[in-house]
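Here the structure comes first, spelled out in C-alpha cells, and everything after it is commentary.
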Amino acid sequence: MAAGRFKRGSSDMLNLYGIIRCWTRDRGFANSAAGQALLLLFKVLDALASHPGPEKARQMMRDICMYIEAHKRAHGVDNLIPKFHMSLHLPAALARMGELPACFVHERKHKTSKKYGTTTARLSVWEKSVTSQLLNQQLLTMGDQDVFVT
C-alpha cells in the first residue's frame, strides 16, 4: 500500500467488499472524483449481488456506463482495462438469459488453485499433482467445519 493508495486484486476486494463499502461511505469519499467512481462501482456490485432479473438489464447498462465515465474522469482513459469493456456485455447477457451466473465465490477462491498451479514443479504430471493438492486442501477445509465432523 503506497501512501494514500489502496490497491488490491478483485478477489481481495470481494472478500472485504462490505467493509470497504461501509468505510468509504462513512468517510465522505463522494467529495472526490475517485470517490464518486467508487460509489458508482458499489452500486453496480450491489445490483449484481441482488441477482437481478432481465427487467433490470437497462438500468444495469446505465449504471455500468455511469461508473465507467466516472472512472475515466477520476483516473483518465489510460487506466481502463479489458474488464471495463467486458462489463458492458453483462446487461445483454442478463436480458438474453434471464439471469447471470454468480461468480463472486469463484473470484474469491481462484487464488487457491493458482497457489498450487504456480508452485508445482513436476510438469510431467502437473494436472494430477495440482488436482491432488486442491482436493487435499478442500478435505482439510471441510474437516475444519463442525458440520462435517462425525
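The values are calculated or read from the model by the stated rules, or taken from the named source; none is laboratory data. Predicted, not measured: the structure shown is a model, and the values here were computed from it. Neighbour counts are summed over all protein chains in view; Cβ atoms, including those assigned to glycine, are modelled from backbone coordinates with ideal geometry. To get the accessible areas, we keep the full protein, side chains included, count just its heavy atoms, and leave off ligands, DNA and RNA. Shrake-Rupley method; radii C 1.70, N 1.55, O 1.52, S 1.80 Å.
Do you know which of the residues in the stretch 66-81 that are part of a loop (DSSP other than H, G, I, E, B) and surrounded by fewer than 13 Cβ atoms within 10 Å (Cβ to Cβ) is modelled with the lowest pLDDT?
Result: ILE81.
Scan the stretch 5-15 and tell me whether some residue there is open to solvent by 40 Å² or more (accessible area, probe 1.4 Å) and at pLDDT 80 or above.
no
Here are some residues: THR118, THR150, THR131, THR141. Which one is in a loop (DSSP other than H, G, I, E, B), over 25 Å from ILE20 (Cα atoms) and modelled with pLDDT under 90?
Of the residues listed, the single one that is in a loop (DSSP other than H, G, I, E, B), over 25 Å from ILE20 (Cα atoms) and modelled with pLDDT under 90 is THR150.
Name the residues in the stretch 24-65 that are more than 18 Å from the chain's Cα centre (by Cα), modelled with pLDDT under 85 and open to solvent by 50 Å² or more (accessible area, probe 1.4 Å), would you?
Result: ARG25, ASP26, ARG27, PHE29, ASN31.
Within the bounds of the stretch 82-105, is there any residue that is hydrophobic (A, V, I, L, M, F, W, C), within 14 Å of the chain's Cα centre (by Cα), closer than 20 Å to ASN15 by Cβ and not in a helix (DSSP H, G or I)?
yes
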